[in-house]
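Chemist: I'd like to ask you about the structure that follows.
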Amino acid sequence: MALSTTTTTTVVNTAPTPVVIAQPTVTVVSLGRHPVTMTCPMCKATVTTRIRSECGMGSWLICLVLFLLGLELCCWLPLIIPSCQDTAHFCPNCNHHLGTKAMC
Ligand SMILES: [Zn+2]
């Protein structure tokens with residue numbers, strides 16, 4: 001008498017289940033030369049930005065133009081005058097860099 005074995009095959013549906021990804025809401029705030037009130041994307045708090053003037057491409061460009069015009073003695077002034085520099089905005093809570101407003 002011979003032993004008989006039966007094999008049962010189970011078909012598993014391997015179709016990928018759809019994944020729903022929630023898209024974060026992005027609010028565009030135009031940054032200027034003054035502090036603005038906005039929601040920080042890092043700490044999610046509504047804050048008024050802390051600003052800092054930084055030398056940017058425009059500052060160095062004015063410096064170069066002044067140098068080429070023969071004003072070597074005052075060509076460094078755009079590097080210290082805030083209105084000739086970029087304005088960087090930071091979150092006062094978490095110190096996250098929120099954006100930079102270029103001088104030009
Ligand atoms: Zn923050």
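Chemist: Using a Förster radius of 35 Å, what is the FRET efficiency between CYS104 and THR17 based on their Cβ-Cβ separation? Nearest 0.05, please.
Modeler: 0.10
Chemist: Hey, how much of the P(r) for region 32-104 falls beyond 18 Å, as a percent of Cα pairs?
Modeler: Of all Cα-Cα pairs in region 32-104, 46 percent lie more than 18 Å apart.
Chemist: Collect residues whose amide H, placed 1.01 Å from N in the peptide plane, falls under 5 Å from the amide H of VAL36; neighbours closer than 5 in sequence don't count.
Modeler: When sequence neighbours closer than 5 places are left aside, the close amide H contacts are THR49.
Chemist: Amide H of LEU98 versus every other amide H placed in the peptide plane: which residues, excluding those fewer than 5 positions away on the same chain, fall under 5 Å?
Modeler: Placed amide hydrogens put HIS89, PHE90, CYS91 under 5 Å from LEU98.
Chemist: Per residue of region 92-102, what does 6.51 cos²θ - 1.76 cosθ + 1.60 with θ = phi - 60° give for ³J(HN,Hα)? Whole Hz please, x for Gly and Pro, Karplus curve as stated.
Modeler: Each residue of region 92-102 in turn: x, 7, 10, 6, 6, 6, 8, x, 9, 9, 6 Hz.
Chemist: I've got another one for you. How much length, in nm to one decimal, is gained on full extension between CYS55 and GLU72, taken as 0.36 nm per residue of separation minus their Cα-Cα distance?
Modeler: 4.3 nm
Taken together, the values in this text are just the output of simple stated rules run on the coordinates, not laboratory data. In this text, all values refer to a predicted model and were calculated from it rather than measured experimentally. Glycine also receives a Cβ, built like all others from the backbone with ideal geometry; neighbour counts cover every protein chain displayed.
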